[in-house]
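Encoded as structure tokens, the structure appears first; notes follow it.
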């Protein structure tokens, strides 16, 4: 009977292994060219995005509009927060079951293309998908290896947000003009030292530790004249660069003048800035809508990011909120129709305003309701004001970008808690990234 | 527990048809046995043994679910030893097991002894203390625990009232472990119930005889209670230890799936999950899983081997 | 403690009565002290559960840092918010999903564990000891060593994002705890019943269905309760296999809720936590004796 046992277990193991391995080469199987004709029968497609409730309600409006024009296409929607979103997509990708249409980000495009998950939309461009109102460079941003696997819906650029009312209470003046990163650190320290407290008795800080956000590091690198990611996929920066950047806020951490990480973590999904306990925060310019909603105050001002050593800002436009279709979709034409609608339908531009960024399509930009004092007007005004400072090209994320960005954040947390030193941070980050980019 | 079947052959050759009948019956019994066992056999082979071996194979590969597994030999294991997060997760889990389990069992034993001496309300108390064990590992309680331990939260306030000010719990990497240990100790009800059952079986005459000999309560505890409880103690110790290694839901919820702050709640299974199902480094995660199996296996073996020296069965054969 | 035996002479009878009364009083004092102490410990132990319940009735501002348990502005607003659901999926959908999984688990386990236990306990078949030892071994096995290949297999068959991976194991007796529980129970049932039935010409199937199953009701009930509660509270399984919010079970929905609500809304979180636990608490209140007895017998046979 023992032999039967062994045999049975052996067979099971073999079966298990066979099932495990059979996922493998599926992606390289040749797919028949999708028909570019529009589908007329009833069709259901799935669509997913990341964002908060506000974005969800806007998408709901947009889809309702879509259904008026294309009543035969039913759109099943779902959404999640950014981190969960990508974990869920990874799971679906593994099962070759990605949604028909999905919001994507530059950070993950390379990985998903490399494994053949995204549909090449080129056959539809110029037909179902009308990109005549798009800047060519934006369209190019979603083109990898000759395939158009994504198209940006909007662009963002970085900004420094601050709360003028709160700042007035501290008696510190905001930075101006060509202020540098060092100036910004000094500003944060000055506000924190002012000792102001909120109505609830919480101490008011100048800002959070910005050195622990990866995209700010990339902005700084660009200002230093470096190309963060070379065409061959290697880094255009060294360990010393990262150390230099992290040292910019070392004094803040030492004197505990940056917003306490312990409190910041416990305020999630809000943070110090949106709780009106910190006077400033850097982020993408489309975050204004979120900040105004979360903080409860309409008066949030924006200014360009700090300058590099030579006084130049070297800002860049980041193509954002791209739309892609799954390579395994059974309704490619319907997916393309939805993508085109979301990208180019002017009323969609009205619905979203600048909540995803400045729309990439000219007609959508024109269709935005820019009532005086509205969030959208402010964002558009900001981008106009900094237009002459946006002189650099956006760093194109390498494969594994999502991973290394998350690593940076995680190590930043340990650094803020004082659990690791800058040297340890940099060492671990480079070791982890070597593995992540395999 | 397991009965070993040995059909000793009878030396008598006379009853040939009887032997044949017996053999037929044995074959019929075996067929019936396997028929009834089919669901379990299927489950064991498809869901336990098969995956275990597959996982062993995977631990020697690099596999991200998209492409086929790529053989890398011992690379995963070498990487493990150099991975600061792995080392951290091992340390954190070890601390939790080494501190949490004894404290939990001591509490369970103490309350069991306390309850054992009463007659009124014992059943009610027993059930009341058991309650937390049912819900302790649930997501609901994890959320409640976190809400109770936030900085300036209820526990912080009570602590300050008693003069302790650890500077927050949830946001403080130094205090997250005590928080988890409290959570596991809170669930002492289950081992307590088992201890109570064991205590009930200790014959009262032993205590009375000891009283006559002039033994005090401590002596009675050490010389009578503990030895008589040793099988139950062994059972509890083994199960609680193995259970402690597998803590997941609480760690996931309280840390938001990150193992933070600063990796202070990066329990072993949480890190395994992050590596396997967030990073999709399945080979690496499988290697972690097998390390866990080996460690738990060794500990279990040590427990069983050592039991010869300190576990006294009361002479009743099963 | 028995009262000390005193020779009943007329002189000492009065003093013995006094002794008895004093002893009775001291016994009562001891009893009062005991109950007070135990209740005090109980209050400390049950405090978190109480806190959860009370906080779900308080407005959020009143929860953080407010030591007093009693809700000042008690209301059911938090529950209304929790019942509203998340991301367009109603609370009752989550409840229904958890129910399907829990009831499915109970049915699966009742069927597969009883059948397997019968084989182990009542049928002499070749290799039984080996399989039994393996089953006990699987009790001590950390499940994490099998979840990755299981996931891969289900993924390749396309069964991720369904309930199947979560229920298949229950129907295949993959949880050895229940098989073990039933084996122990069956061992205590007298074999004469089997033999009598066999003499009457019954085969194993008949013995199992007509004799064993009816007698096994206590073990089945205990198993059913544990199976329900463990399935209801299960987190890792649903986390791995349920990707669509419309399929989420309560624990996963709860986590989504917490991720998405602002930290200033503890009230709603507590309310949802309470709602998610209600079936478990109900089972506990009604069936606590079965549960506790079930746990107690575990340890006795080692």
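The values are calculated or read from the model by the stated rules, or taken from the named source; none is laboratory data. For clarity, every value in this text was computed on a predicted model and none was experimentally measured. Glycine gets a Cβ as well: all are built from the backbone with ideal geometry, and neighbour counts include every protein chain shown.
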Task: Among residues of the range A:90-106, those that are assigned to a helix (DSSP H, G or I) and either in contact with a strand residue (DSSP E or B) (Cβ under 7 Å, 6 or more places away or on another chain) or touching a residue at least 24 places away in the same chain (Cβ under 8 Å) (or both), counted - done: 3
TODO: Could you check, for the range B:305-313, whether at least one of its residues is crowded, with 16+ Cβ neighbours inside 10 Å and in contact (Cβ under 8 Å) with a residue 24 or more places away in the chain?
DONE: yes
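So, in the range B:152-161, how many residues would count as being in contact with a helix residue (DSSP H, G or I) (Cβ under 6 Å, 6 or more places away or on another chain) and more than 9 Å from chain C (Cβ to nearest Cβ)? Steps first, answer last, please.
Keep residues of the range B:152-161 that are in contact with a helix residue (DSSP H, G or I) (Cβ under 6 Å, 6 or more places away or on another chain), which gives B:154-155.
If we keep only those that are more than 9 Å from chain C (Cβ to nearest Cβ) as well, we get B:155.
Of the residues in that region, 1 qualify.
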Task: Residue selected from the range A:263-276 under the condition over 27 Å from residue A:430 (Cβ atoms) and out of contact with any helix residue (DSSP H, G or I) (no Cβ under 8 Å at 6 or more places or on another chain), by the criterion modelled with the lowest pLDDT - done: A:268
TODO: Please specify each residue of the range A:60-80 satisfying the condition of being in contact with a strand residue (DSSP E or B) (Cβ under 7 Å, 6 or more places away or on another chain) and either farther than 29 Å from residue B:279 by Cβ or loosely packed, with under 14 Cβ neighbours inside 10 Å (or both).
DONE: A:63, A:66, A:72, A:73, A:74, A:75
Open item on the list: Can you pull out every residue in the range B:202-258 that is assigned to a loop (DSSP other than H, G, I, E, B) and over 21 Å from the mean Cα position of the chain (by Cα)?
Closed with: B:202, B:203, B:213, B:214, B:215, B:216, B:256, B:257, B:258
Task: Only listed residue being part of a loop (DSSP other than H, G, I, E, B) and within 19 Å of residue A:55 (Cα to Cα), chosen from A:369, A:399, A:313, A:330 - done: A:369
- [ ] Kindly indicate the residue of the range B:58-83 that is touching a helix residue (DSSP H, G or I) at 6+ places or on another chain (Cβ under 6 Å) and not in a loop (DSSP other than H, G, I, E, B) and also nearest to residue B:245 (Cα to Cα) among those meeting that condition.
- [x] B:80
Open item on the list: Being without any contact (Cβ under 8 Å) to a residue 40 or more places away in the chain and either more than 10 Å from chain C (Cβ to nearest Cβ) or under 24 Å from the mean Cα position of the chain (by Cα) (or both) is the requirement here; does residue B:261 meet it?
Closed with: no
TODO: Sort out which residues of the range A:107-129 are at pLDDT below 90 and assigned to a helix (DSSP H, G or I), and write them in order of number.
DONE: A:107, A:108, A:109, A:110, A:111, A:112, A:113, A:114
TODO: For residues that are surrounded by fewer than 20 Cβ atoms within 10 Å (Cβ to Cβ) and either at the interface with chain C (Cβ under 8 Å from one of its Cβ atoms) or in a helix (DSSP H, G or I) (or both), tally how many sit in the range B:91-120.
DONE: 15
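With respect to residue B:209, determine if the residue is more than 14 Å from chain C (Cβ to nearest Cβ) and without any contact (Cβ under 8 Å) to a residue 24 or more places away in the chain. I'd like the intermediate steps shown before the answer.
Details: more than 14 Å from chain C (Cβ to nearest Cβ): yes; without any contact (Cβ under 8 Å) to a residue 24 or more places away in the chain: yes.
In short, yes.
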Open item on the list: For the range B:66-78, check the following and say yes or no: at least one residue is more than 10 Å from every other protein chain (Cβ to nearest Cβ) and surrounded by 19 or more Cβ atoms within 10 Å (Cβ to Cβ).
Closed with: yes
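Would you say residue C:60 is in contact with a helix residue (DSSP H, G or I) (Cβ under 8 Å, 6 or more places away or on another chain), surrounded by fewer than 22 Cβ atoms within 10 Å (Cβ to Cβ) and more than 13 Å from every other protein chain (Cβ to nearest Cβ)?
On the way: in contact with a helix residue (DSSP H, G or I) (Cβ under 8 Å, 6 or more places away or on another chain): yes; surrounded by fewer than 22 Cβ atoms within 10 Å (Cβ to Cβ): yes; more than 13 Å from every other protein chain (Cβ to nearest Cβ): no.
Here the answer is no, as residue C:60 does not meet what is asked.
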- [ ] Name every residue in the range A:135-148 that is buried (at least 20 other Cβ atoms within 10 Å of the Cβ) and in a loop (DSSP other than H, G, I, E, B), in order of residue number.
- [x] A:142
Open item on the list: part of a loop (DSSP other than H, G, I, E, B), under 24 Å from the mean Cα position of the chain (by Cα), surrounded by fewer than 22 Cβ atoms within 10 Å (Cβ to Cβ) and facing chain B (nearest Cβ under 8 Å): is that true of residue C:141 in this structure?
Closed with: yes
Open item on the list: Being closer than 25 Å to residue A:104 by Cα and assigned to a helix (DSSP H, G or I) is the requirement here; does residue A:406 meet it?
Closed with: yes
